[in-house]
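Peer 1: Attaching a single structure in structure tokens format; questions to follow.
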Amino acid sequence: MVRPANKRPGQSRKAQYGLFAAYVIAVTGAVAGLLLAVLSVVDPVGFATLRVASHEVAAPIARVTRSVTGSISGIDDAVSAYVGAGSQNRRLRKELAETRRKLVATSSLEEENRQLKALLQLQQTDKAALAHGYLLTSTSTSSRRLALLSIGRNVGVAAGQPVRGADGLIGRVLTAGPSVSQVLLLTDVDNVVPVRRARDGLPALANGRGNGDLDIRTLNIANNPFKPGDILVTSGTGGLYPPNIPVAIVVRRQDDGALARPLADPAKVDAVAVLRPYTPDNLEARAAPAAPPAGTP
Amino acid sequence: MNRAGPRLGEPASLWRMRIVPIASVMLASALPLMLPLVASSPVLPPMGLLFFLCWQLLRTEMWPVWIGLPLGLWDDLFSGAPIGTAIGLWTLASIAIHYFSQRIYWRGFFHDWGIAALLAAAVQAAAALIAHPHAPAGHLLGLVVPQIIVSALLVPLFLRLTGAFDNFRLKRR
């Protein structure tokens, strides 16, 4: 490609000024754009509403392509399943035997638990979901893990509500548009979820790695108590996520915690449920009818 | 004069000449959000950015240097990056292309490939660093490395596609 000949505008003042103005606009615009980016990192919710319109445009097409092709993200899993079929079969058989033994133990515990609960007359927490939808698509070119949920404000979805699948936690609603909403997935680098180990309630923090895995860090740094296979559930600490939603399973230990894989894979999950955020007002609202009617005037 | 049919040697319509490049970039930017793919890492190459760079490498004088402002805003709306990232970075990339086209007298295919790969890598890395200011930089760069490699390998294909679109754009009636 030869160097463009008419780059130097020659003697024409108009052309000179035009070229100069183009560069001034470009440099000013670039600096303003980067400042805007920094601002929108600081205040993600305020600027994310700008994006709602584009998502409303993209969503209908995503609905069509989803119904036509189904989810194409399972291709890599299908290939690797063929490759690892033999060793996986052995491992699964071993796991099945172990799980059967555990199931027997658990069923007795469950019965005991039911009796104890009946004894205490504990109120079952409200597990009803606010709304159900499905994940349409996601931002697959940027380093942020945002997915589009097929429902929006039309069914009462609002920012900050937790989203879960049948297998476990998916993420939380970042912004809600009129008919679609944006979900910040569990694996986003900026998403921190307070969790506890299901076995003994050891508190920890789950932090997304951005590549589908989670970093688990304990709150006390004395030693590293995690073992592969540990199940982590939400602890409910700090509000937002209701307690006891399955989050992840520990894959291997690391220097400062563990590497875990989310239990719910957003690429394969069929339907997701939007839950009420676990906030103090919600707790009070839920506790109010349970409280005995005191002698109030 | 008979205006019904095309006349011999008449240039392509002005509309088509202007719309085709812009539409190809905008469509490529919006395409990833329209696919039913819930990705757990940045797997798709930044197609809008690749078309944007390839058009400028092919026809440096076609667009003013500030064209990255509107096209970057459009890409930001669909890419999920903080709004303003692509506005700034794409404009800086097009300034860099104008600079390269002045410095290198005869740009060949490998020059174009190198420039596009370098700029795509720089833009993706900078976008990741802007989007997550609190995360460790090494980990973020590791996250975008696969995408950068795929983008670099796809540059020749996108140069070809751009060339095909350019032929369509300038085809005489």
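The values are calculated or read from the model by the stated rules, or taken from the named source; none is laboratory data. None of the values given here were measured: they were computed from a predicted structure. Glycine gets a Cβ as well: all are built from the backbone with ideal geometry, and neighbour counts include every protein chain shown.
Peer 1: Among the residues of segment A:138-166, which ones are within 14 Å of another protein chain (Cβ to nearest Cβ) and touching a residue at least 12 places away in the same chain (Cβ under 8 Å)?
Peer 2: Correct list: A:138, A:143, A:144, A:145, A:146, A:147, A:148, A:149, A:150, A:163, A:165.
Peer 1: Which of the residues belonging to segment A:208-222 are without any contact (Cβ under 8 Å) to a residue 60 or more places away in the chain and in a strand (DSSP E or B)? Walk me through it before giving the result.
Peer 2: Initially, segment A:208-222 is screened for residues without any contact (Cβ under 8 Å) to a residue 60 or more places away in the chain, giving A:209, A:211-222.
Matches in segment A:208-222: A:214, A:215, A:216, A:217, A:218.
Peer 1: Of the conditions (1) within 9 Å of chain B (Cβ to nearest Cβ); (2) surrounded by 24 or more Cβ atoms within 10 Å (Cβ to Cβ), residue A:209 clears all except one; give me its number.
Peer 2: (2)
Peer 1: Mind checking which pairs have a first residue in segment B:150-173 that is more than 10 Å from residue B:54 (Cβ to Cβ) and a second that is among the acidic types (Asp, Glu), Cβ under 8 Å, 6 or more apart or different chains?
Peer 2: Once the first residue is more than 10 Å from residue B:54 (Cβ to Cβ) and sits in segment B:150-173, its partners that are among the acidic types (Asp, Glu) give B:172/B:10; B:173/B:10.
Peer 1: Being facing another protein chain (nearest Cβ under 7 Å) and within 21 Å of residue A:20 (Cα to Cα) is the filter; apply it to segment B:76-93 and report the residue that is surrounded by the fewest Cβ atoms within 10 Å (Cβ to Cβ). Before the answer, list the steps.
Peer 2: Keep residues of segment B:76-93 that are facing another protein chain (nearest Cβ under 7 Å), which gives B:77-85, B:87-88, B:91-92.
Narrowing the set further to residues that are within 21 Å of residue A:20 (Cα to Cα) leaves B:87-88, B:91-92.
Working: B:87: 27, B:88: 27, B:91: 27, B:92: 22.
Checking each candidate, the answer is B:92.
Peer 1: Next question. Inspect all residues belonging to segment B:145-153 and state whether any of them is surrounded by 16 or more Cβ atoms within 10 Å (Cβ to Cβ), within 10 Å of chain A (Cβ to nearest Cβ) and not polar (S, T, N, Q).
Peer 2: Within segment B:145-153, not a single residue is surrounded by 16 or more Cβ atoms within 10 Å (Cβ to Cβ), within 10 Å of chain A (Cβ to nearest Cβ) and not polar (S, T, N, Q).
Peer 1: So, one more: For segment A:172-207, how many residues are within 29 Å of residue B:130 (Cα to Cα) and outside any loop (DSSP other than H, G, I, E, B)?
Peer 2: The total comes to 18.
Peer 1: When segment A:182-203 is examined, which residues are found to be away from every other protein chain (no Cβ under 14 Å) and at pLDDT 90 or above?
Peer 2: Correct list: A:193, A:194, A:195.
Peer 1: While we're looking at this one, here's another question. Please give the number of the condition residue A:67 fails out of (1) at pLDDT below 85; (2) surrounded by 10 or more Cβ atoms within 10 Å (Cβ to Cβ); (3) facing chain B (nearest Cβ under 9 Å).
Peer 2: Of everything listed in (1) at pLDDT below 85; (2) surrounded by 10 or more Cβ atoms within 10 Å (Cβ to Cβ); (3) facing chain B (nearest Cβ under 9 Å), residue A:67 misses just condition (2).
Peer 1: Output the number of residues of segment A:241-270 satisfying the condition of being farther than 13 Å from residue A:215 by Cα, surrounded by fewer than 17 Cβ atoms within 10 Å (Cβ to Cβ) and in contact (Cβ under 8 Å) with a residue 12 or more places away in the chain.
Peer 2: 3
Peer 1: For the condition at pLDDT 80 or above, within 12 Å of chain B (Cβ to nearest Cβ) and out of contact with any strand residue (DSSP E or B) (no Cβ under 7 Å at 6 or more places or on another chain), what is the one hit in A:46, A:18, A:74, A:86?
Peer 2: That would be A:18, the only listed residue that is at pLDDT 80 or above, within 12 Å of chain B (Cβ to nearest Cβ) and out of contact with any strand residue (DSSP E or B) (no Cβ under 7 Å at 6 or more places or on another chain).
Peer 1: Starting from residues that are at the interface with chain A (Cβ under 7 Å from one of its Cβ atoms) and closer than 20 Å to residue A:141 by Cβ, keep the ones in segment B:101-132 and report whichever is nearest to the chain's Cα centre (by Cα).
Peer 2: Looking at residues that are at the interface with chain A (Cβ under 7 Å from one of its Cβ atoms) and closer than 20 Å to residue A:141 by Cβ, I get B:127.
Peer 1: Let me ask something else. From the list A:266, A:277, A:243, exactly one residue is under 17 Å from residue A:169 (Cα atoms), within 17 Å of the chain's Cα centre (by Cα) and within 14 Å of another protein chain (Cβ to nearest Cβ). Which is it?
Peer 2: Criteria check complete, one pass: A:266.
Peer 1: Same structure, new question: What's the number of the condition residue A:26 fails, among (1) facing chain B (nearest Cβ under 9 Å); (2) more than 30 Å from residue A:154 (Cα to Cα); (3) surrounded by fewer than 18 Cβ atoms within 10 Å (Cβ to Cβ)?
Peer 2: Every listed condition holds for residue A:26 apart from (3).
Peer 1: Something else about it: Only residues that are at the interface with another protein chain (Cβ under 8 Å from one of its Cβ atoms) and either in contact with a Leu (Cβ under 7 Å, 6 or more places away or on another chain) or not in a loop (DSSP other than H, G, I, E, B) (or both): list them for segment B:49-70, please.
Peer 2: B:57, B:58, B:65, B:66, B:68, B:69 - these are the residues of segment B:49-70 that are at the interface with another protein chain (Cβ under 8 Å from one of its Cβ atoms) and either in contact with a Leu (Cβ under 7 Å, 6 or more places away or on another chain) or not in a loop (DSSP other than H, G, I, E, B) (or both).
Peer 1: I'd like to know if segment A:29-42 contains one or more residues that are at pLDDT below 85, at the interface with chain B (Cβ under 8 Å from one of its Cβ atoms) and surrounded by 15 or more Cβ atoms within 10 Å (Cβ to Cβ).
Peer 2: Among the residues of segment A:29-42, at least one is at pLDDT below 85, at the interface with chain B (Cβ under 8 Å from one of its Cβ atoms) and surrounded by 15 or more Cβ atoms within 10 Å (Cβ to Cβ), which makes the answer yes.
Peer 1: Looking only at segment B:105-119, which residues are in contact with a helix residue (DSSP H, G or I) (Cβ under 9 Å, 6 or more places away or on another chain) and surrounded by fewer than 15 Cβ atoms within 10 Å (Cβ to Cβ)?
Peer 2: Result: B:109, single match.
Peer 1: Testing residue B:73 on (1) more than 7 Å from chain A (Cβ to nearest Cβ); (2) closer than 23 Å to residue B:153 by Cα; (3) surrounded by fewer than 24 Cβ atoms within 10 Å (Cβ to Cβ), one condition comes back false. Which one is that?
Peer 2: Of everything listed in (1) more than 7 Å from chain A (Cβ to nearest Cβ); (2) closer than 23 Å to residue B:153 by Cα; (3) surrounded by fewer than 24 Cβ atoms within 10 Å (Cβ to Cβ), residue B:73 misses just condition (2).
Peer 1: Being more than 7 Å from every other protein chain (Cβ to nearest Cβ) and without any contact (Cβ under 8 Å) to a residue 40 or more places away in the chain is the filter here, so list the residues in segment B:8-46 that pass it.
Peer 2: B:8, B:14, B:15, B:18, B:19, B:23, B:27, B:28, B:31, listed by residue number.
Peer 1: Counting just the residues of segment B:27-39 that are buried (at least 23 other Cβ atoms within 10 Å of the Cβ) and out of contact with any strand residue (DSSP E or B) (no Cβ under 7 Å at 6 or more places or on another chain), which one comes out farthest from residue A:185 (Cα to Cα)?
Peer 2: Only one residue fits best here, namely B:29.
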